[in-house]
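Undergrad: Quick one: the structure is below, and I'll ask about it shortly.
The values are calculated or read from the model by the stated rules, or taken from the named source; none is laboratory data. Being a predicted model, the structure only gives us computed values, none of them experimental. So basically every Cβ, Gly included, is an ideal-geometry build from the backbone, and we count neighbours across all protein chains shown.
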Amino acid sequence: MPKVQPTSGSGRVGRGRRVATSLAEINVVPLVDVMLVLLIIFMVTAPMIQRGMDVKVPVSRRATEIEGQRVFVTVPGDYRQTHTVLLGTERIRVDFLKERVRQRMETLTDKRVYLQGDGSLLYQDIYDVFDRLKEAGVTDVGLVAKAEGER
């Protein structure tokens with residue numbers, strides 16, 4: 001708020017009072033401009049940053065689209081060396097898979113998990129993870145495959 005100060009008797013001709021601005025006021029327009037530019041930058045770059053693990057899922061001619069809330073377990077190509085899988089987007093050791101799946105299944109009525117594995121894996125590796133899912137109480141384990149024209 002501008003302050004009105006009376007003028008001293010210096011003999012100036014003109015208005016009798018002078019308006020002075022306080023230096024305590026902050027101009028927020030540049031701050032808002034910078035924040036909007038940063039918001040746009042993050043909105044553009046965020047989809048580029050979110051990248052998962054590349055898995056070559058096998059192709060099937062009769063694959064159908066999965067509907068509803070889904071729980072995915074992904075077995076990467078380096079499973080034999082690392083013994084880790086992805087539960088959704090979280091990388092966990094296969095030893096902890098049983099407990100983590102059990103925790104996630106507590107809230108779901110449909111005890112169904114979709115298992116996707118890299119095409120270079122051995123059949124035994126997929127069945128090791130499959131058995132651990134069954135031990136966790138999963139009633140249905142679906143194997144994920146891509147349709148022929150899908151990327």
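Undergrad: If you check every pair at least six apart or on different chains, which have Cβ atoms under 7 Å apart with a residue in segment 115-139 that is at pLDDT 85 or above first and a residue that is polar (S, T, N, Q) second?
TA: Taking only residues 6 or more apart or on different chains, the pairs are 116/74.
Undergrad: Tell me, yes or no, whether segment 56-63 has at least one residue that is among the hydroxyl-bearing types (Ser, Thr, Tyr), assigned to a helix (DSSP H, G or I) and either in contact with a strand residue (DSSP E or B) (Cβ under 8 Å, 6 or more places away or on another chain) or modelled with pLDDT under 70 (or both).
TA: Scanning segment 56-63, I find no residue that is among the hydroxyl-bearing types (Ser, Thr, Tyr), assigned to a helix (DSSP H, G or I) and either in contact with a strand residue (DSSP E or B) (Cβ under 8 Å, 6 or more places away or on another chain) or modelled with pLDDT under 70 (or both), so the answer is no.
Undergrad: Can you name the condition, by its number, that residue 18 falls short on among (1) surrounded by 10 or more Cβ atoms within 10 Å (Cβ to Cβ); (2) more than 19 Å from residue 114 (Cβ to Cβ); (3) at pLDDT 65 or above?
TA: (3)
Undergrad: Okay, moving on. Tell me whether segment 86-96 contains one or more residues that are modelled with pLDDT of 85 or more and under 19 Å from residue 59 (Cα atoms).
TA: Looking for residues that are modelled with pLDDT of 85 or more and under 19 Å from residue 59 (Cα atoms), one finds none in segment 86-96, hence no.
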